[in-house]
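S.K.: One structure follows; several queries about it will come next.
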Amino acid sequence: MPRPMPRPIPGIEDAQTLAQAIVDTIHEPLLVLDSAFCVLAASRSFYETFQVDPEHTMGCLLYALGDGQWDIPALRLLLETIIPEHVAMNGFEVAHDFPSLGQRTMLLNARKVIYETSDNATILLAFTDITERRVIEREKQALFEDTLELLGQKQILLAEMQHRVANSLQIIASILMLKARAVTSEETRFHLKDAHQRVISVAEVQAHLHASGGIDQIEVGPYLIKLCSSLAASMIGDTQPIEMSVVADHGTIGSDKAVSIGLIVTELLINTVKYAFPTFKKDARVTVTFASEEDAWTLTVGDNGVGKAAEAAPSKRGGLGTVLVGALVKQLAGEMNVVATGGMTVTIRHAHAGAATPVVA
């Protein structure tokens, strides 16, 4: 069935009435101009927004409206240069101080209408007031720039703090080692070296945080590799070489927890180097393993030393390390399992929320 043709508007008066009704219905201010830029029609919103009346608007030259307040260079550029070349222009931004409104920023949309039956042309000119939007954008930009400046200052202060902490830890470690070499008491030397190695552990995590450029999350694998390498260089002597290796996935952990894990590894490695190999062993080795899944992780430090013989180590020398490891495991909300058969293996597990808590063997 053929589509019915639309009924034509009966007369020119009806067409003009319809056109004016459409213009008045539009929410944004709208002008209809002739080819000489005189006003043929204006929307109700235009009168209300710019506080003018029809008597001083209809038939008047646009540039003469409101005692010349519309004689705006940017508007002339749009109407006299851009529109003749491009027929239409959307989003042309104009900032102007209107006597009745103050400083306003407007987006102008202009379109030239050409008729088939006449040489005359009209121009539709619509206005969108974006003053408040631009104010908000400027405020957001200023806030963003202030935030960047504060972040920059924070980074400078953080870098300075990290530098000072690193220097302080190096000085403390050096003093402890000098004291250890100077004292005559073997027990005092033992405790000073213990303290030196613990300072090294803290210094390693601090250095790794600085290299990572952040203080929130760090990758555990690279951190443990650096830590174990540093500890091996300071603890393992030529009389009993020990192969030390790290096996870790790409898991990350908060920097505060990384410090605790580093101290645990340090204490366990100190204990291993001292007690796991009382006699020379050709293939002596220690392996540090870290595996993670979401918020759960497992840390294992194992060696192929004497195993149960390590239990015979004097309590006065192993007591502090044992207390420290126990306290750190509790701080991490972890569970520790120790197997002393065929070497010593210490496993520490932290389960994420909702998972079953491992039972200590």
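The values are calculated or read from the model by the stated rules, or taken from the named source; none is laboratory data. All values derive from a computational prediction rather than experimental measurement. Please note: Cβ atoms are built from the backbone with ideal geometry, for glycine as well, and neighbour counts cover all protein chains shown. Protein only, heavy atoms only, side chains kept; ligands, DNA and RNA dropped before computing areas. Shrake-Rupley method; radii C 1.70, N 1.55, O 1.52, S 1.80 Å.
S.K.: Criterion first (more than 26 Å from Arg133 (Cβ to Cβ), surrounded by 16 or more Cβ atoms within 10 Å (Cβ to Cβ) and modelled with pLDDT of 85 or more) does Phe37 satisfy it?
M.R.: yes
S.K.: Return the only residue of Ala182, Ala166 being closer than 22 Å to Lys257 by Cα and surrounded by fewer than 16 Cβ atoms within 10 Å (Cβ to Cβ).
M.R.: Ala166
S.K.: Condition first: of a type in the set (S, T, N, Q), at pLDDT 90 or above and over 35 Å from the mean Cα position of the chain (by Cα). Can you find one or more residues in region 338-351 that meet it?
M.R.: yes
S.K.: For region 284-298, enumerate the residues that are in a strand (DSSP E or B), more than 29 Å from the chain's Cα centre (by Cα) and hydrophobic (A, V, I, L, M, F, W, C).
M.R.: Matches in region 284-298: Val286, Val288.
S.K.: For region 185-218: of the residues being modelled with pLDDT of 80 or more and under 20 Å from Ala258 (Cα atoms), which is least open to solvent (accessible area, probe 1.4 Å)?
M.R.: Within region 185-218, the match that is least open to solvent (accessible area, probe 1.4 Å) is Ile218.
S.K.: Starting from region 112-141, keep only residues that are more than 19 Å from Val23 (Cα to Cα), then list their pairs with residues that are among the β-branched types (Val, Ile, Thr) and not in a helix (DSSP H, G or I) whose Cβ atoms are within a distance under 6 Å, requiring at least 6 positions of separation or different chains.
M.R.: Taking only residues 6 or more apart or on different chains, the pairs are Ile130/Thr105; Thr131/Thr105; Arg134/Thr105.
S.K.: Sort out which residues of region 236-263 are under 20 Å from Ala291 (Cβ atoms) and touching a Lys or Arg at 6+ places or on another chain (Cβ under 9 Å), and write them in order of number.
M.R.: Met244, Ser245, Leu263
S.K.: Tally up the residues in region 256-283 that are under 34 Å from the mean Cα position of the chain (by Cα) and open to solvent by less than 20 Å² (accessible area, probe 1.4 Å), please.
M.R.: Qualifying residue count, region 256-283: 7.
S.K.: Tell me, yes or no, whether region 159-170 has at least one residue that is modelled with pLDDT of 85 or more and farther than 25 Å from Val325 by Cβ.
M.R.: No.
S.K.: Looking at region 214-258 only, could you name the residues that are part of a loop (DSSP other than H, G, I, E, B) and within 18 Å of Leu299 (Cβ to Cβ)?
M.R.: Asp249, His250, Gly251
S.K.: While we're here: Output the residue which, of all residues in region 99-118 that are among the small types (Gly, Ala, Ser) and either part of a loop (DSSP other than H, G, I, E, B) or crowded, with 16+ Cβ neighbours inside 10 Å (or both), is nearest to the chain's Cα centre (by Cα).
M.R.: So the residue we want is Ala110.
S.K.: Same structure again: If a residue counts only when it is among the basic types (Lys, Arg) and surrounded by fewer than 17 Cβ atoms within 10 Å (Cβ to Cβ), which helices (runs of 4 or more DSSP H) contained entirely in region 47-98 have at least 1 such residues?
M.R.: So the answer is 73-77.
S.K.: So which of Ile22, Ile9 is under 21 Å from Lys112 (Cα atoms), of a type in the set (A, V, I, L, M, F, W, C), modelled with pLDDT under 75 and open to solvent by 60 Å² or more (accessible area, probe 1.4 Å)?
M.R.: Ile22
S.K.: Another one. Within region 134-148, does at least one residue satisfy the condition of being in a strand (DSSP E or B), open to solvent by less than 100 Å² (accessible area, probe 1.4 Å) and of a type in the set (Val, Ile, Thr)?
M.R.: No; the residues of region 134-148 include none that is in a strand (DSSP E or B), open to solvent by less than 100 Å² (accessible area, probe 1.4 Å) and of a type in the set (Val, Ile, Thr).
S.K.: Looking at Arg134, is it over 25 Å from Asp34 (Cβ atoms) and touching a Phe, Trp or Tyr at 6+ places or on another chain (Cβ under 7 Å)?
M.R.: So Arg134 fails the test.
S.K.: Applying the selection to region 226-250, what residues are within 27 Å of the chain's Cα centre (by Cα) and either basic (Lys, Arg) or buried (at least 18 other Cβ atoms within 10 Å of the Cβ) (or both)?
M.R.: Lys226, Ala248
S.K.: Tally up the residues in region 25-34 that are of a type outside the set (Asp, Glu), in a loop (DSSP other than H, G, I, E, B) and either surrounded by 15 or more Cβ atoms within 10 Å (Cβ to Cβ) or touching a residue at least 60 places away in the same chain (Cβ under 8 Å) (or both), please.
M.R.: The qualifying residues number 2.
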